[in-house]
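Comments concern the structure below.
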Amino acid sequence: MSDPIALGLPHREPFIFIDEVTAHAPGESAEARKVFAASTPFFAGHFPGRPIVPGVILAEALAQTAGIAAAQPGRSFLLSAIRAMKFPGAALPEEVISLKARKLGAFGPLWQFEVQAAVGERVVAEGTIVLNEV
């Protein structure tokens, strides 16, 4: 559907963890995809012989997806909190990771999102992300 940068994501290589935005309801929700190539440098150490996408990278990809959901002209958001994040499965190199963020509510400048990352039907991360409008 869309390039994440065209939708307002401020991140750039090597710290952009969304390849494509597949659905977008501005101010409400976003869905995206990411595939980490087997040659991605962090796989050399996480873990040798059995590489998996680090949980912190999945959490950042979900925060970026929430940022796209929140993005509106003239507004910018920063990650403020990661709440109750769980990693019930593992994402492997070359797998298509589906990322989802849905706004739960807002209180002043704080926007809370329910987030989930999955490979097919297998959930690999889920939790709540809070963004702060700056």
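The values are calculated or read from the model by the stated rules, or taken from the named source; none is laboratory data. This one's a predicted model, so the numbers in the text were calculated from it and none came from an experiment. We place every Cβ from the backbone using ideal geometry, glycine too, and count neighbours over all the protein chains shown.
Things worth noting here:
- Scanning region 109-129 for residues that are among the charged types (D, E, K, R) and under 14 Å from the mean Cα position of the chain (by Cα), we see that the one that is surrounded by the most Cβ atoms within 10 Å (Cβ to Cβ) is Glu126.
- Boolean, Ala69 is touching a residue at least 24 places away in the same chain (Cβ under 8 Å), closer than 22 Å to Ala25 by Cα and surrounded by 15 or more Cβ atoms within 10 Å (Cβ to Cβ): yes
- When Asn132 is tested against the conditions (1) part of a strand (DSSP E or B); (2) crowded, with 16+ Cβ neighbours inside 10 Å, the lone failure is (2).
- Residue match in region 103-111 (condition: assigned to a loop (DSSP other than H, G, I, E, B), of a type in the set (Gly, Ala, Ser) and either modelled with pLDDT of 95 or more or out of contact with any Pro (no Cβ under 9 Å at 6 or more places or on another chain) (or both)): yes
- Residue, nearest to Lys86 (Cα to Cα), within region 1-33, restricted to residues that are of a type in the set (D, E, K, R) and surrounded by fewer than 19 Cβ atoms within 10 Å (Cβ to Cβ): Arg33
- Taking the conditions (1) farther than 17 Å from Glu20 by Cβ; (2) among the aliphatic types (A, V, I, L, M); (3) surrounded by 13 or more Cβ atoms within 10 Å (Cβ to Cβ) in turn, Ala84 satisfies each one other than (3).
- Cβ separations smaller than 8 Å between residues 6+ apart or across chains give the following pairs from region 12-27 residues that are at positive phi to residues that are surrounded by 15 or more Cβ atoms within 10 Å (Cβ to Cβ) and part of a strand (DSSP E or B): Gly27/Lys103.
- Failed item, numbered, when Ala106 is tested on (1) surrounded by fewer than 21 Cβ atoms within 10 Å (Cβ to Cβ); (2) under 14 Å from Gly27 (Cβ atoms); (3) under 16 Å from the mean Cα position of the chain (by Cα): (3)
- When Lys100 is tested against (1) touching a Pro at 6+ places or on another chain (Cβ under 6 Å); (2) crowded, with 20+ Cβ neighbours inside 10 Å; (3) not aliphatic (A, V, I, L, M), exactly one condition is not met: (1).
- Counted residues, region 35-89 - those being under 18 Å from the mean Cα position of the chain (by Cα) and not in a helix (DSSP H, G or I): 23
- Here Ile57 fulfils each of the conditions (1) surrounded by fewer than 14 Cβ atoms within 10 Å (Cβ to Cβ); (2) without any contact (Cβ under 8 Å) to a residue 60 or more places away in the chain apart from (1).
- Only one of Phe77, Phe43, Phe36 that is in contact (Cβ under 8 Å) with a residue 12 or more places away in the chain, touching a helix residue (DSSP H, G or I) at 6+ places or on another chain (Cβ under 7 Å) and surrounded by 14 or more Cβ atoms within 10 Å (Cβ to Cβ): Phe77
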